[in-house]
Amino acid sequence: MAEIIAVASHQSGVGKTALVQNLAYELSTQRVLVVDFDPQAQLTIDCGLDPTRIDRTIYHALHEPDRAEANIIALNGFDILPATETLALVEGDFLDQPDRHDRFKDVLAQLDALYDYILIDSSPSVRFFAFNAPNAATQLLMLLPSMESTAPDLQRVLAQTFHLLEIFRWGNPLLELRAVVQTMVDPRRPTQGVGQELIRQRFGATVIEEKIPADKAIAAAAIRGVPVARHAPKSAGALAYKTLAKDLYGTYRS
């Protein structure tokens, strides 16, 4: 059975999609699937696909879980279950269904024997997406963007992140918080390290040492539709994702 990893944050624009794509690439010495579980379809786009030209997506898989495999697209290194804007309709489709918070879990139950890792790029919105992604997962990676702020502001962000974690665990008490990953880190700004003690007080040993830098190469690779390790293999971003894969899962692409 696959290790099913939900990647989440309480806000958008923190490098969540980039982490899913690039961590998947580093883990792809084994069988890896990424799932775009966000109506914005940014993961689908960043993987070089045009959502307007895709006929079968995660939306269709949610309606027909037993045919989930038919919606998968093979990429260079890993597979993707893509999304389009149509996914935004799914919450209304299942609004009155008693199993609405387990629909995604039903989909992945059809796929987990085919993969070693399944990574979920989940929407930062609450309700349908916020419950379905962690309910289907075995592990959670929480992203915490680096920030320059006062202690009260940082405490507020940490409280929001911890509250989101509590929501996830309410739906899935067995969900493991695998790591808290700090993103968008600029090493030229030492003040961004001021809040490290506050972060560790809140999340303890789950806060890992490796941080994802604010590296322009990551964004440039996404525009090209490829992982940063293929676009700029010696960049700070590529090396960070490689180290992250090694530290968390003991493997990476050479």
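If you take the residues in segment 198-218 that are in a helix (DSSP H, G or I) and in contact (Cβ under 8 Å) with a residue 24 or more places away in the chain, which one is surrounded by the most Cβ atoms within 10 Å (Cβ to Cβ)?
Among them, the one singled out is 218.
May I ask you to verify whether residue 141 is part of a helix (DSSP H, G or I), at pLDDT 90 or above and either within 30 Å of residue 182 (Cβ to Cβ) or in contact with a helix residue (DSSP H, G or I) (Cβ under 8 Å, 6 or more places away or on another chain) (or both)?
Here the answer is no, as residue 141 does not meet what is asked.
Being surrounded by fewer than 17 Cβ atoms within 10 Å (Cβ to Cβ) and part of a helix (DSSP H, G or I) is the filter here; which residues of segment 92-101 pass it?
Listed by number, the residues that qualify are 92, 93.
Which one of these does residue 27 not meet: (1) in contact with a strand residue (DSSP E or B) (Cβ under 6 Å, 6 or more places away or on another chain); (2) within 22 Å of residue 164 (Cα to Cα)?
Unmet for residue 27, out of (1) in contact with a strand residue (DSSP E or B) (Cβ under 6 Å, 6 or more places away or on another chain); (2) within 22 Å of residue 164 (Cα to Cα): (2).
Yes or no: residue 49 part of a loop (DSSP other than H, G, I, E, B) and touching a residue at least 60 places away in the same chain (Cβ under 8 Å)?
yes
Looking only at segment 27-47, filter to residues that are in contact with a Pro (Cβ under 6 Å, 6 or more places away or on another chain) and over 20 Å from residue 134 (Cβ atoms); which one of those is surrounded by the fewest Cβ atoms within 10 Å (Cβ to Cβ)?
Per the criteria, the residue is 41.
A quick yes/no check of all residues on (1) surrounded by fewer than 24 Cβ atoms within 10 Å (Cβ to Cβ); (2) in contact with a Lys or Arg (Cβ under 8 Å, 6 or more places away or on another chain); (3) assigned to a helix (DSSP H, G or I):
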site: 7; (1), (2), (3): no, yes, no
site: 20; (1), (2), (3): no, no, yes
site: 25; (1), (2), (3): no, yes, yes
site: 83; (1), (2), (3): no, no, no
site: 86; (1), (2), (3): yes, no, yes
site: 104; (1), (2), (3): no, no, yes
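Considering every residue within segment 121-138, establish whether at least one is more than 22 Å from residue 20 (Cβ to Cβ), touching a residue at least 12 places away in the same chain (Cβ under 8 Å) and crowded, with 17+ Cβ neighbours inside 10 Å.
For segment 121-138, residues more than 22 Å from residue 20 (Cβ to Cβ), touching a residue at least 12 places away in the same chain (Cβ under 8 Å) and crowded, with 17+ Cβ neighbours inside 10 Å: absent.
I need a count of the residues in segment 66-104 that are more than 28 Å from residue 230 (Cα to Cα), touching a strand residue (DSSP E or B) at 6+ places or on another chain (Cβ under 9 Å) and not aromatic (Phe, Trp, Tyr).
Number of matching residues: 2.
Restricting attention to segment 60-86, which residues are over 26 Å from residue 26 (Cα atoms) and either acidic (Asp, Glu) or at pLDDT below 95 (or both)?
If the condition is that a residue be over 26 Å from residue 26 (Cα atoms) and either acidic (Asp, Glu) or at pLDDT below 95 (or both), then 64, 66, 85 are the ones that fit.
Looking at (1) more than 24 Å from residue 23 (Cα to Cα); (2) in contact with a helix residue (DSSP H, G or I) (Cβ under 8 Å, 6 or more places away or on another chain), which one does residue 55 not meet, given that it meets all the others?
(2)
Can you spot a residue in segment 114-136 that is more than 17 Å from the chain's Cα centre (by Cα), assigned to a helix (DSSP H, G or I), among the hydrophobic types (A, V, I, L, M, F, W, C) and closer than 21 Å to residue 68 by Cα?
Yes, that holds for at least one residue.
The values are calculated or read from the model by the stated rules, or taken from the named source; none is laboratory data. Just so you know, these numbers come straight off a predicted model, no measurement behind them. Positions of Cβ are backbone-derived with ideal geometry, glycine not excepted, and every protein chain shown enters the neighbour counts.
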